[in-house]
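Notes to accompany the following structure.
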Amino acid sequence: MNPKNVWFHGTPDAREVIDHGGFIEKAVSVDYVVDLVGMKQNQEKMNIARKSGDWNTYHKLLDMVSSFKRDFAFMKPVFLSNKYSVARTYATPWLAFDYQNSIERVYAVNVDCKKVAKITAPGERFRFISVARAKNGFMDSGIPEEEIDGLIEMFNYYVLGNKGIQTNIIASIGSYLGFDCVDVVGTLDSFNGGSVRSTVRMVLNSSNIRIVDYNYKE
């Protein structure tokens, strides 16, 4: 096994993957705003109605919110680490739904990613990356600034102040743009926090993963 080409995935319950012989593709979805101008105008009207106590108008405007949004469906990403010690923190039985019968494992895998977005985020918690670093990563991967600005505003609309972006939103944007994988480099991703920096790879199509060891140990 060549460690340069190996990634690790820790799981509290390996039974589904073992039975299936690999990762199962699962669809997930997020909503995003397709009419940013209309959404902002509607929110301004809602604020005015709320402050004036016009609850009838407020609720009518609230019912209109869904008309400015759409659902984007994509394959649920598989999260890998380039460090076994980080992946191992997720192989804890009590994290499983059926923890009494669960089988914790760390898989060693190879991944075929032809189109990769690379986001450098040293020292940032993986679950919430700064918008600037996410944007720069997609730009460095060939996405024009105007396009990624629009997509971040559309998909990350509800984050106040635009200070950060959750990794599920990064994955959805990556999938929308046709990337096979998104790498977040230098992030802190151990389950309990910790201070170990590693690269997390979000694989946006699980069929690109080949498990080379179902019970890897160091």
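Just so you know, all these numbers are worked out from the coordinates, no wet-lab data involved. These figures come from a predicted structure and were not determined experimentally. Cβ placement follows ideal geometry from the backbone for every residue including glycine, while neighbour counts extend to all protein chains displayed.
Remark: spin-label model distance Ser29-Lys51 equals 3.6 nm, labels positioned 7 Å along the Cα→Cβ axis.
With 5 Å bins beginning at zero, the pair-distance distribution over Cα atoms of the range 35-75 amounts to 5, 24, 27, 18, 11, 7, 5, 3, 1 %.
Largest first, the extents of the alpha carbon coordinates of the chain on the three principal axes equal 64, 42, 31 Å. Relative to one another, the C-alpha centroids of the range 57-87 and the range 173-217 are positioned 18 Å apart.
Using the Cβ-Cβ distance between Phe128 and Ser66 with R0 = 25 Å, the FRET efficiency computed as 1/(1 + (r/R0)^6) comes to roughly 0.45. Ordering 133-139, 207-213 by mean Cβ neighbour count within 10 Å, with the highest value first, yields 133-139, 207-213.
GNM remark for the chain: springs join alpha carbons under 10 Å apart, and the peak mean-square fluctuation among Val203, Val185, Val17 falls on Val17. Hey, in the GNM for the chain with a 10 angstrom Cα cutoff, which one of Ala27, Ala117, Ala49 fluctuates hardest? Between Ala27, Ala117, Ala49, it is Ala49 that shows the largest mean-square fluctuation.
Between Ile170, Ile103, Ile48, the Gaussian network model of the chain with springs among Cα atoms under 10 angstrom shows the greatest mean-square fluctuation at Ile48. Proximity of backbone amide H atoms, modeled 1.01 Å from N, is registered between Asp213 and Ala108 at under 5 Å, excluding neighbours fewer than 5 places apart on the same chain. With 26 Å as the limit, the listed pairs Lys83/Lys163; Lys76/Lys118; Lys83/Lys118; Lys26/Lys115; Lys45/Lys69; Lys76/Lys114 have Lys83/Lys163 beyond it between alpha carbons.
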